[in-house]
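The values are calculated or read from the model by the stated rules, or taken from the named source; none is laboratory data. Note that this is a predicted model, so its numbers are computed, not measured. All Cβ positions, glycine included, derive from the backbone under ideal geometry; neighbour counts span all protein chains shown.
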Amino acid sequence: MTETQKEVVLATCCPSVVNYIKIYYPEYEGHLAPIVSPMIAHVRLLRAAGYTNHKLVFVGPCIAKKRESDIYENETDAVITFEELGRLMESEGIYFSDMDRVELPRGFVIGASERAGLFPVDNGMISTMCKDVKPVDAGFMSFSGMKSVMEVCSELESWKPGKKVFVELMACDGGCIKGPATSNKEGIAAKRNRLLKEFDAFKRSGLAVTLPKRDVDLSYDAYKVPYKINCLYSEREIQEVLNSMGKTSKEDELNCSGCGYDNCRAYAAAVLDGKAEREMCISQMRKEAQNQASVLLRKMPYGVVLVDENLRIVDTNEKFIELGGEEIAMISEALGGLGGADLRKIVPYHKYFQSVIAGGEESAEFDVRDNNRNIRLSLLSIQPNKLVCGIIQNMDDSQLVKDIISEKIREVIKHNAESVQRIAYILGESASYTESILNMVIDSDKKPR
């Protein structure tokens with residue numbers, strides 16, 4: 001803490017967190033504490049204490065430790081999970097209930113660490129390092145769960161605490177006690193409570209094993225990952241891509257993997273690499289399509305309403321509300337729209353919607369009498385039996401009547417023009433044929449007999 005120039009120092013106890021930072025935030029590697037994890041530190045201490053020819057096996061609930069062991073070659077001899085240990089003991093016919101009758105080999109040490117018993121829970125490392133640290137001490141913080149880890153990493157660039165802060169980060173919620181390969185499936189509260197009680201009882205038992213003090217190299221220079229993400233692009237470049245897709249906050253980054261990438265940031269880097277297209281973001285394309293449809297909906301000169309299978313209104317335009325009358329307009333204004341309203345309480349011709357939804361017809365048209373008005377109701381199935389779009393035209397509207405008449409006139413003119421063209425073609429073809437026959441007659445008459 002005193003040697004580093006960084007105000008924020010991140011613990012390196014969790015290999016999942018270290019991997020996450022090295023892969024996704026390589027520019028923040030300088031915030032990692034320049035020491036190995038407790039597992040590697042313990043191995044080096046045991047080797048320095050004389051256990052050079054012994055097989056050192058780490059047993060725990062963490063799968064990421066296997067990867068860490070591979071990176072630090074020739075340190076640990078093996079890493080297995082509690083589940084794997086249980087299967088191994090069962091296959092060898094060894095059970096804890098028989099331990100009082102088992103003769104252990106000479107030099108076998110039974111015991112546990114005196115100080116590291118709290119490491120598996122969040123804030124356990126800090127409590128072990130600094131026994132006088134209180135939860136309100138801003139110089140030490142602890143966060144667990146990848147959601148919290150990702151949030152802390154995302155704010156490292158802008159966070160200026162004004163003093164040195166040590167942050168303990170653990171990928172699993174609650175710490176290692178909720179690791180993916182735990183054999184005990186209790187909840188987080190029960191596990192934490194049991195660990196704290198057993199640790200307290202253990203400290204009073206006198207069974208703790210104290211290793212001799214040795215000078216051990218704790219540097220983690222060997223911790224290298226073979227690949228990195230975002231290593232060529234700054235946070236500003238990534239954010240610009242995300243902003244261009246409407247993702248302006250962490251809440252907008254759904255990380256749905258619909259684009260084929262693990263998360264939105266990896267997708268943004270792929271866009272910068274030229275390996276992905278903006279249109280590959282399914283959630284954003286759907287949102288844009290909905291916005292475009294909403295704009296078109298509101299610009300249509302007719303009343304439009306979208307209704308689901310429960311006859312609940314999904315969306316409407318202003319023209320539909322206008323056709324509903326003053327009362328419907330007041331309800332819409334008070335509720336901020338008619339979304340979610342029951343169509344049966346809005347219009348008297350709801351049975352036509354119900355019929356099309358139940359029948360699943362692609363489209364249908366009805367002439368309806370509503371409040372002394374003649375209504376043309378056109379229904380289109382957007383999702384058969386699920387979503388129907390209704391287009392309502394007031395046939396008594398003088399402008400609409402003019403538009404219909406104009407449209408019919410244009411149809412008649414177009415039809416007549418096409419007829420004239422066909423007649424002209426037939427006449428032209430006939431005249432051409434007649435001319436051809438007459439020329440043949442003339443030519444034959446000119447030939448010498």
Please go through region 43-82 and pick out each residue that is part of a helix (DSSP H, G or I) and over 38 Å from the mean Cα position of the chain (by Cα).
V43, R44, L45, L46, R47, A48
I126 passes all but one of (1) modelled with pLDDT of 70 or more; (2) assigned to a helix (DSSP H, G or I); (3) not small (G, A, S); which number fails?
(1)
Over region 158-187, the set of residues farther than 20 Å from V59 by Cα and not hydroxyl-bearing (S, T, Y) is W159, K160, P161, G162, K163, K164, V165, F166, V167, E168, L169, G187
Which of (1) loosely packed, with under 14 Cβ neighbours inside 10 Å; (2) at pLDDT below 85; (3) not basic (K, R) is the odd one out, the single condition N243 does not satisfy?
(2)
Residue by residue through region 246-283, note down the ones that are assigned to a loop (DSSP other than H, G, I, E, B), surrounded by fewer than 18 Cβ atoms within 10 Å (Cβ to Cβ) and among the aliphatic types (A, V, I, L, M).
L254
Within region 286-300, does at least one residue satisfy the condition of being out of contact with any Pro (no Cβ under 8 Å at 6 or more places or on another chain), buried (at least 18 other Cβ atoms within 10 Å of the Cβ) and either modelled with pLDDT of 80 or more or part of a loop (DSSP other than H, G, I, E, B) (or both)?
no
Within region 210-218, identify whether any single residue is modelled with pLDDT under 80, surrounded by 13 or more Cβ atoms within 10 Å (Cβ to Cβ), β-branched (V, I, T) and assigned to a loop (DSSP other than H, G, I, E, B), and answer yes or no.
no
If K197 satisfies every condition in (1) surrounded by fewer than 17 Cβ atoms within 10 Å (Cβ to Cβ); (2) at pLDDT 75 or above but one, which is the exception?
(2)
